[in-house]
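First up is the structure itself, then whatever we jot down about it.
The values are calculated or read from the model by the stated rules, or taken from the named source; none is laboratory data. What you are looking at is a predicted structure, and each value in this text was computed from that prediction instead of being measured. Heads up, the Cβs are rebuilt from the backbone with ideal geometry, glycines too, and the neighbour counts pull from every protein chain shown. Side chains included, ligands, DNA and RNA excluded: accessible areas come from the protein's heavy atoms. Shrake-Rupley method; radii C 1.70, N 1.55, O 1.52, S 1.80 Å.
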Amino acid sequence: MKKIKNQAVTIVALTTLLSALVLASADAAQWNATVGAQSNDKGDQALAFLPNEIWIHAGDSITWKFDADDIHTVTFLRADQKRPPFFVGCPGFSSNPATFDGSTCVTTPPLVKGQSFTVNFPVAGNFKLTCLVHPNMTGTIHVFGLSQRLPHGQAFYDKRAEDERKDLLLDPIDRNAGRDNEPNRNDAPGVAAGIGKAAATAGGSESISVVRFLHDPVEIHAGQTVEWTNLDPATPHTITFGAEPMDLVDPSPDVTVDADGARHAVISSTSDSTHSGFIRAAPQERTGLRQSPLGVTRFRVTFPNAGTFPYICALHDDLGMKGQVTVHP
Ligand SMILES: [Cu+2]
């Protein structure tokens, strides 16, 4: 008799637990968003969370689907945490699905088109979403308590994502920018090493980056100098001839610095290697913090001898960022 009663208690307890679980899962919604977008030739990269602002209930999850060949991360740092390099992560990378309540950092490793990642948000709060690869790629997740009404449904976010994607990818960037300038007094033909535009929504910032060498290919005569200029507000690029070095951030040892801060190399033969290091704009300023150093946005190469000199951006060659300099005698 006592055994039967115990069994009955166990069954009641189990039933209660089960119905609690069913209730919880019935209430918890699953939301969808996209990370990144690109043109068919991969040359235009939208560095954006689409959409970059979402309102959900505590207990809900969001699944981010990656949709670009350029790498991105989905990252939630602790409020007091310093921003780490993307290859370091939190440190380390979260397993999928992850849970973020503000107390512990959550990040994916760098992911590309076809991959996805889900984060559950058990606690109410307003949380910043960022991509560790792209500092200007941010968003906001508003997590409401269950008693509060959500302003939008999934259909709204799908439309918002599509609108933001089109705004970024179809907004014409002046690909001739920088070309109308008075010719350089050193008679150096110019190549734009990437061009971009920053944009923002109420949820955060985003940008469009053209990962191409514009005004390429270049034809010059022996003895002339070519100048590459990065016209992107944030994305770094490199100009790399010959062997790709292990360290992409810093220039190769042969590179010197001109009086105006531009880096400069001399390539005498088609078997020479040289690497610009990261060519990029200075980061944005923030009041109360030490100002950021000037960016290094220019790289020059002098070609004393004739030949055909192919080169790449070591960061974006897989997206098609390659060029060529032909030097005539
Ligand atoms: Cu690049």
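Can you go through Ala79, Ala155 and tell me which one is out of contact with any Ser or Thr (no Cβ under 6 Å at 6 or more places or on another chain), outside any loop (DSSP other than H, G, I, E, B), exposed (fewer than 14 other Cβ atoms within 10 Å of the Cβ) and aliphatic (A, V, I, L, M)?
Values: Ala79 fails: outside any loop (DSSP other than H, G, I, E, B).
Matching residue, one of Ala79, Ala155: Ala155.
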Being open to solvent by 10 Å² or more (accessible area, probe 1.4 Å), modelled with pLDDT of 95 or more and farther than 27 Å from Asn40 by Cα is the requirement here; does Ala202 meet it? yes
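Would you pick out the residues in segment 125-152 that are assigned to a strand (DSSP E or B) and under 28 Å from Pro283 (Cβ atoms)?
The first filter runs over segment 125-152 and keeps only residues assigned to a strand (DSSP E or B), leaving 125-130, 138-144.
Of everything in segment 125-152, those that are assigned to a strand (DSSP E or B) and under 28 Å from Pro283 (Cβ atoms) turn out to be Gly125, Asn126, Phe127, Lys128, Leu129, Thr130, Thr138, Gly139, Thr140, Ile141, His142.
Could we say that Pro97 is in contact with a Pro (Cβ under 9 Å, 6 or more places away or on another chain), at pLDDT 95 or above and more than 30 Å from Asp41 (Cα to Cα) here? Reasoning before the result, please.
Numbers: in contact with a Pro (Cβ under 9 Å, 6 or more places away or on another chain): no; at pLDDT 95 or above: yes; more than 30 Å from Asp41 (Cα to Cα): yes.
Answer is no for this residue.
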Can you tell me which residues in segment 226-260 are in contact with a Ser or Thr (Cβ under 6 Å, 6 or more places away or on another chain), within 11 Å of Thr274 (Cα to Cα) and within 11 Å of the ligand (Cβ to nearest atom)? Thr238, Ile239
Reported set for segment 270-284 where residues are free of Cβ contacts under 8 Å to residues at least 40 places away in the same chain, in contact with a strand residue (DSSP E or B) (Cβ under 7 Å, 6 or more places away or on another chain) and open to solvent by 40 Å² or more (accessible area, probe 1.4 Å) is Thr270, Asp272, Ser273
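With respect to Ala188, is the statement that it is open to solvent by less than 10 Å² (accessible area, probe 1.4 Å) and at pLDDT below 95 true?
Numbers: open to solvent by less than 10 Å² (accessible area, probe 1.4 Å): no; at pLDDT below 95: yes.
When the stated conditions are applied, Ala188 does not pass them.
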In segment 82-108, the residues that are surrounded by fewer than 21 Cβ atoms within 10 Å (Cβ to Cβ), touching a residue at least 24 places away in the same chain (Cβ under 8 Å) and part of a strand (DSSP E or B): Gly89
Can you say whether Val119 is open to solvent by less than 20 Å² (accessible area, probe 1.4 Å), out of contact with any helix residue (DSSP H, G or I) (no Cβ under 6 Å at 6 or more places or on another chain) and either β-branched (Val, Ile, Thr) or not in a loop (DSSP other than H, G, I, E, B) (or both), as far as the supplied structure shows? yes
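Residue-wise test of (1) more than 30 Å from Phe66 (Cα to Cα); (2) modelled with pLDDT under 50; (3) of a type in the set (A, V, I, L, M, F, W, C); (4) surrounded by fewer than 16 Cβ atoms within 10 Å (Cβ to Cβ).
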{"residue": "Met1", "(1), (2), (3), (4)": "yes, yes, yes, yes"}
{"residue": "Leu14", "(1), (2), (3), (4)": "yes, yes, yes, yes"}
{"residue": "Thr34", "(1), (2), (3), (4)": "no, no, no, no"}
{"residue": "Leu50", "(1), (2), (3), (4)": "no, no, yes, no"}
Taking segment 219-230 and keeping only residues that are surrounded by fewer than 21 Cβ atoms within 10 Å (Cβ to Cβ) and among the hydrophobic types (A, V, I, L, M, F, W, C), one is left with Ile220, Ala222
Within segment 43-76, the residues that are more than 13 Å from Leu129 (Cβ to Cβ) and part of a loop (DSSP other than H, G, I, E, B) are Gly43, Ala58, Gly59, Asp60, Asp67, Ala68, Asp69, Asp70, Ile71
Based on what the data block shows, is Lys113 closer than 19 Å to Gly36 by Cα, open to solvent by 40 Å² or more (accessible area, probe 1.4 Å) and in a strand (DSSP E or B)? no
